[in-house]
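The values are calculated or read from the model by the stated rules, or taken from the named source; none is laboratory data. Quick caveat: nothing in here was measured; it's all calculated off a predicted structure. Cβ placement follows ideal geometry from the backbone for every residue including glycine, while neighbour counts extend to all protein chains displayed. Ligands, DNA and RNA are stripped out before the accessible areas are found, and what is left, the full protein with its side chains, is counted by its heavy atoms. Shrake-Rupley method; radii C 1.70, N 1.55, O 1.52, S 1.80 Å.
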Amino acid sequence: QMWEEAIALGKELAEQYENEMFDYEQLSELLRKQAQFYENIVKVIRPKPDYFAVGYYGQGFPTFIRNKVFIYRGKEYERREDFEARLLTQFPNAEKMKTTSPPGDDIKNSSGQYIQCFTVKPKLDLPSKFHRPVSEQIVSFYRVNEVQRFEYSRPVRKGEKNPDNEFANMWIERTIYVTAYKLPGILRWFEVKSVFMVEISPLENAIETMQLTNDKINNMVQQHLNDPNLPINPLSMLLNGIVDPAVMGGFTNYEKAFFTEKYMHEHPEDHDKIEKLKDLIAWQIPFLAEGIRIHGEKVTEALRPFHERMEACFRQLKDKVEKQYGVRAVLSSLDDRRGSRPRSMVRSFTMPSSSRPLSVASVSSISSDSTPSRPGSDGFVLEPLLPKKMHSRSQDKLDKDDLDKDKKEKKKEKRNSKHQEIFDKEFKSTDISLQQTEAVILSETISPLRPQRPKSQVINVISSERRFSVSPSPPSSQVTPPPITPRTKLSFSIQSNLELNGMSSSDIPDIPPPLPLKGSMADYGNLMESQDLISPTTSPPAHQRVSP
């Protein structure tokens, strides 16, 4: 469950996959694993193993452990008694020492085996990247991992014993052990390379205890904010032990020991430390208030009387502390620990629609509510393209096609430029009015230049003595092709449409004739009337009539 180490190795491997091997499939799988690791760090609660200091004293041990101290990392949920039993199985003849103080030379030089074992506390050493407060779920890993310094505290009484208050003369003798390497490493135990000892005064011990208590309340409140499904019992015991003075006495013992005129007169150098202790006591109130609020939301009906009593005790405590040490308020730290999204990110996702530019597709979709936006529908009113006037020309007038073609090209370019100008003018303006003309302009530009042919107008193939017509004609014996729908490409059959080239069936050459010259931009479906294109009175042979 050391996902932090797995992420560090995964980043090295991702660099190889991305920039050296170009194996994107393996890279994607690795990144998915890393994402799961990050999620586990935040959501999964990992057990914290204990660390034990073990000293092997006496000449009966092998030389590599003789008269040396080692720091062991215990297994998950392993108690000291279980660890000692497991340790003594390796040395069945060894004797367990009863004290935690360093042994004398008589024990070190004896021929027997003496084992000293006690629990030590790892000292947090945060990496440099954590330069600002972070979640406790992230920091908790480094409290028991990547640690190299361990401490053991032993209470020592100096001076006369005070039966009313034991905190006044209780000093702390703290021993610091530094191992050769960080734990855990390639082994679960490393040798201690240096040992030194410091003494903690009673006032300093009180400050340290209050700081640890506040951190414990704050961390448990944060855990319940992040995971509402956590059990309420640990929170109940923690709050009740601090709020109810009948249980532990609270910080009243510190007030009796250090906030007296006698102590201030005897220790004037501790004035700043006393003010710091008062500040920590004042800061405990907002943390307790948040914890009791969460407890009230999650408490069951069976524990409701217990919660009400705890609230009553807290109100008395709050009035007393705020009157003596001032009021402290947690403004936004608890809200930040909820994991809320930064405001800049919220702004980027909730930008109003009026400030976002509308795309062409948006204008078309909005206009579809009131006006059809499909090309060829009945909603187009803006400057429709008029049908071309029916005209005729004979075979000998083909020399005028070039002139007519040039005129029509100029007319179409003029019309297209006019539409483009209107389109640019409308869409470059900042105020986009939601009218049907915008959709018409958009669709007019991308739609074909030829208007949609009415369904009633079909091309009928009639006998050779009749002309081609776009108007409806009575049914004849000839095979009538189906109506030509818009937006489809027309294919021409040379076998049945010989009249297109102005020749009869008797004039069919051995090779197919060339395609007729295209006189305009319109397709071949818009054939015009012409008396000169009428073929002779002979109808095509029966074997050449084919169905379309």
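See the values below:
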read-out: Test for Ile176: is it open to solvent by less than 60 Å² (accessible area, probe 1.4 Å) and under 40 Å from the mean Cα position of the chain (by Cα); value: no
read-out: From Glu84, Glu78, residue being assigned to a helix (DSSP H, G or I), surrounded by 14 or more Cβ atoms within 10 Å (Cβ to Cβ) and modelled with pLDDT of 90 or more; value: Glu84
read-out: Counted residues, the stretch 143-178 - those being in contact with a Ser or Thr (Cβ under 9 Å, 6 or more places away or on another chain) and of a type in the set (S, T, N, Q); value: 3
read-out: Residue within the stretch 93-104 that is open to solvent by 30 Å² or more (accessible area, probe 1.4 Å), in contact (Cβ under 8 Å) with a residue 12 or more places away in the chain and in contact with a Ser or Thr (Cβ under 7 Å, 6 or more places away or on another chain) present; value: no
read-out: Members of the stretch 131-173 that are under 42 Å from the mean Cα position of the chain (by Cα), among the acidic types (Asp, Glu) and under 28 Å from Gln116 (Cα atoms); value: Glu146, Glu151
read-out: Selection status of Gln137, in contact with an Asp or Glu (Cβ under 8 Å, 6 or more places away or on another chain), open to solvent by 30 Å² or more (accessible area, probe 1.4 Å) and not charged (D, E, K, R); value: no
read-out: Flag for Lys182 being in a loop (DSSP other than H, G, I, E, B), open to solvent by 50 Å² or more (accessible area, probe 1.4 Å) and either in the same structural domain as Asn67 (by the TED database) or in contact with a Gly (Cβ under 7 Å, 6 or more places away or on another chain) (or both); value: no
read-out: Condition met for Ile172 (within 30 Å of Asn219 (Cα to Cα) and assigned to a strand (DSSP E or B)); value: yes
